[in-house]
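The values are calculated or read from the model by the stated rules, or taken from the named source; none is laboratory data. Predicted model only: the values in this text are computed from it and were never measured. Methodologically, a virtual Cβ is constructed for each residue, glycine included, from the backbone with ideal geometry; neighbour enumeration extends over all protein chains shown. Note: accessible area is taken over every heavy atom of the protein model, side chains too, but ligands, DNA and RNA are not part of it. Shrake-Rupley method; radii C 1.70, N 1.55, O 1.52, S 1.80 Å.
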Amino acid sequence: MTIPDLDDLIAEVDRTCATAHRPGGQEQPDWLALLTTAADLAGRLQALADDLVEDYVEHCRMHGCSWTDIGTALGVTRQAVQQRFHAPHKRYGPETMSEELRQAMTHVKRAAVQHRNNYIGTEHLLWGLTAEDNSATRLLSAAGASPETLHRAVGDRLSMGASQAAERIAWTPYSRKAIALAEELAAERPEEAGSAHIDCDHLLLGLARIGRGVAAAVLDEAGLSAETLSAAANPAESQAAYAP
């Protein structure tokens with residue numbers, strides 16, 4: 001893979017900035033517009049770079065590497081790497097979840113414990129969401145997929161770990177992003193359940209929208225993109241979008 005150099009990035013800014021050049025080639029280009037576009041591009045590149053490093057830090061932690069070892073690999077102190085990658089994150093307690101999602105979470109945690117995993121990854125979440133009938137399995141059926149088939153497929157991806165400390169199970173970054181997206185979806189449509197509780201279908205859509213992790217790979221193999229699931233969740237909106 002060729003990493004773009006500065007000239008490549010400047011060319012991309014110039015190409016994508018709609019207001020960079022004034023009509024008729026008059027005077028100077030709109031430098032402020034170019035600066036805004038450059039800052040946006042730099043932000044997206046930085047976010048992607050952060051996700052890349054965070055992904056490998058998470059894998060190192062899953063496979064028993066200490067924070068000291070990770071800090072050494074990154075050229076920083078243990079304290080610095082812990083502060084960056086182990087910052088406290090928002091907790092999602094039972095009070096934020098629907099009854100169906102609370103039940104699904106028991107399957108999620110059981111999968112992690114039974115496989116001796118010290119983390120809850122997207123694979124555990126999808127396994128729990130497809131363990132029994134709920135709004136996620138109904139959404140999958142509406143999208144033309146078999147929840148049972150997906151349950152078996154993601155079950156095949158669950159690997160046996162060596163953790164003995166079930167009480168220390170932590171959510172991976174992708175799992176946290178998925179439930180954060182689910183919370184946003186629940187807030188957008190509180191009328192669905194009479195409250196802003198996160199439901200199983202919200203979390204399923206969150207897993208699809210992050211587009212990364214084991215769950216996203218299983219969904220993709222089944223032909224279930226975030227757009228496909230969103231259309232199945234909101235058929236009236238989908239039809240309206242394609243109406244003449």
Q.
What are the ³J(HN,Hα) couplings of region 140-154, residue after residue, when phi is run through the Karplus curve with 6.51, -1.76, 1.60 and θ = phi - 60°? Round to Hz, x for glycine and proline.
A. 4, 5, 5, 8, x, 10, 9, x, 5, 5, 5, 4, 5, 5, 6
Q: Report the local net charge at residue 212: Lys and Arg +1, Asp and Glu -1, summed over other residues whose C-beta lies under 15 Å from its C-beta.
A: -4
Q: Output the Cα-based Rg and Dmax of region 192-234 in Å, rounding Rg to one decimal and Dmax to a whole number.
A: 11.0, 34
Q: Just read off the accessible area of residue 84 with the full protein assembly in place, 1.4 Å probe, to the nearest 10 Å².
A: 130
Q. So who's got an amide H within less than 5 Å of the one on residue 119, skipping anything under 5 residues away but keeping other chains? H placed 1.01 Å off N, in plane.
A. 170
(Q) Through the Karplus equation 6.51 cos²θ - 1.76 cosθ + 1.60, θ set to phi - 60°, convert the phi angles of region 97-103 into ³J(HN,Hα) values in whole Hz; use x for Gly and Pro. (A) 10, 6, 4, 5, 5, 4, 5
**Q.** Other-chain or far-sequence residues with amide H under 5 Å of residue 97's (modelled H)
**A.** 198
Q | Kirkwood Rh, angstrom, region 1-154 [1 / mean 1/r, Cα pairs] | A | 20.2
